[in-house]
1. Which value, in debye to the nearest 20, gives the size of the charge dipole of the stretch 48-135 about its Cα centre, when Lys and Arg are +1 and Asp and Glu are -1 at the Cβ?
2. Between the stretch 83-112 and the stretch 1-64, how far is it from one alpha carbon centroid to the other, in angstrom?
3. Ignoring ligands, DNA and RNA, what percent of the 1.4 Å accessible area of the stretch 327-399 is carbon and sulfur?
4. How much length is gained if the chain between D217 and K119 is pulled fully straight, taking 0.36 nm per residue apart and subtracting their Cα-Cα distance, in nm to one decimal?
5. Report the calculated FRET efficiency for T98 and R27 (r = Cβ-Cβ distance, R0 = 35 Å), to the nearest 0.05.
6. From the phi of every residue in the stretch 91-96, what ³J(HN,Hα) in whole Hz does the Karplus formula 6.51 cos²θ - 1.76 cosθ + 1.60 yield, where θ is phi - 60° and glycine or proline is x?
7. In the Gaussian network model of the chain, springs joining C-alpha atoms below 10 Å, which of R228, R219, R175 carries the largest mean-square fluctuation?
8. Could you name the lysines in cross-link range of K234, using Cα to Cα under 21 Å and dropping any fewer than eight places away on the same chain?
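The values are calculated or read from the model by the stated rules, or taken from the named source; none is laboratory data. Keep in mind it's a predicted model, so treat the numbers as computed, not measured. All Cβ positions, even for glycine, are placed from backbone atoms using ideal geometry, and neighbour counts span all protein chains on display. Surface areas here come from the heavy atoms of the whole protein model, side chains and all, with no ligands, DNA or RNA. Shrake-Rupley method; radii C 1.70, N 1.55, O 1.52, S 1.80 Å.
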Amino acid sequence: MISVEEATRRLLKKARPLGTEEVPVRRALGRTLREDIVSPLSIPPFSKSAMDGYAVRSADVAGASEKSPVELRVLEDVPAGRVGRHRVTRGTASRIMTGAPMPPGADAVVMVEYTKRTKGGVLIHKEVGKGTHVARAGEDVRKGQRVLKAGAVIRASEMGMIAATGRSKVTVGIRPKVLVLSTGSEILAPGRPWRPGHIYDSNGYSLTGLAAARGADARFLGIAPDRRGALEKKIGGAGRFDMLILSGGVSVGDYDLVQDMLLGMGLMRIFWKVRMKPGKPVLAGTYDQSFVLGLPGNPVSCMVTFELFARPVLEAMLGRRELGPARGRAHLLEGTKLKPGRRKFLRGRLIETEGRLYVRLFSRQESGVLRSMVESDVLVDVPDNTTVLDTGSIVDIVYLR
Ligand code: AMP
Ligand code: MG
């Protein structure tokens, strides 16, 4: 059996970025940026006031206070969106609003709260240093600066950043088309009345959800019973895909025909079985240029193996810079004993107290207990043959977010 790292390495060796498309920035949330964003202008493009008040020469108001205010002649009003016409010279000021360009000659803004209007002028009650309440041109971004790198995920802040450079469209990675197929004669579609011996299909939902969350165009193919003909028919009629994900039927039970059937259809196997728990019976291969993953049917196993194997491949197809779930370390809140054997990915929840990150393991770690996924935000990555995890010890974690 191969290690998780070896399995991932073999998959990524075959994964290639798909093409790109241009989309409105407004619709780019969650997409993968496929171009560097270089700002053609400084942001802000001009020095502007950060307050409502008066644009002054700081030298003119040196020593000004409540008791001995300085009076300045007011030249004009400069609202946001307008450019002042007058230069602020010695003994003068212009009324200015937040966001309005600083008039030439002025080097600071006195907040309106520290001023009092007089006939034709204004009393300044406070001295201000050079640059006070002025947002300098280019203080956020310099003209020609690269603000985002290709391969980044576009979050709300990236949408705003791209728009701030004046762009309304952006080049992103085409979403890989992912088809999800649930297998098993006991699997029943939610919405149907329950029948003895059956369970509702949860994998079809959690896997399409994960694939969509990781950037794919995910579609559900349906449920196929453990009959070769039924499986072949579903896959044969599926059309083009970048990744096909099946759950169930990949162990070695008499009715587990997924592997046989896929090999019969021409699947080129990349690996089968990985030294891990949950999730040992994972099948990976390629079919033409597309990936096929046969994941174990247990609801936790299929989600964990998706995150470790399907996710980095999808992210590579999207052209992402970082592949696979983020990792970190945390202190174990309560220790536990483990059976020796395969490397384990235990479900846990993060707790932050007193500046320290702790992880609490979920009480049930069986691979069929889907609630452990609902209640968890990380996997605790436990090396092969570990039998004791001490309270307070530092463990490796894999983020599920
Ligand atoms: P298998 O991998 O086919 O041996 O299935 C392992 C376990 O996962 C069995 O208890 C199955 O009933 C269960 N299982 C398989 N597919 C699904 C599914 N789509 N939703 C929920 N449970 C499933
Ligand atoms: Mg089965």
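1. 220 debye
2. 31 Å
3. Carbon and sulfur: 48 percent of the exposed surface of the stretch 327-399.
4. 28.7 nm
5. About 0.70, to the nearest 0.05.
6. Computed from phi, the couplings for the stretch 91-96 are x, 10, 8, 10, 5, 9 Hz.
7. In this elastic network of the chain, the residue with the biggest mean-square fluctuation among R228, R219, R175 is R228.
8. Within reach: K177.
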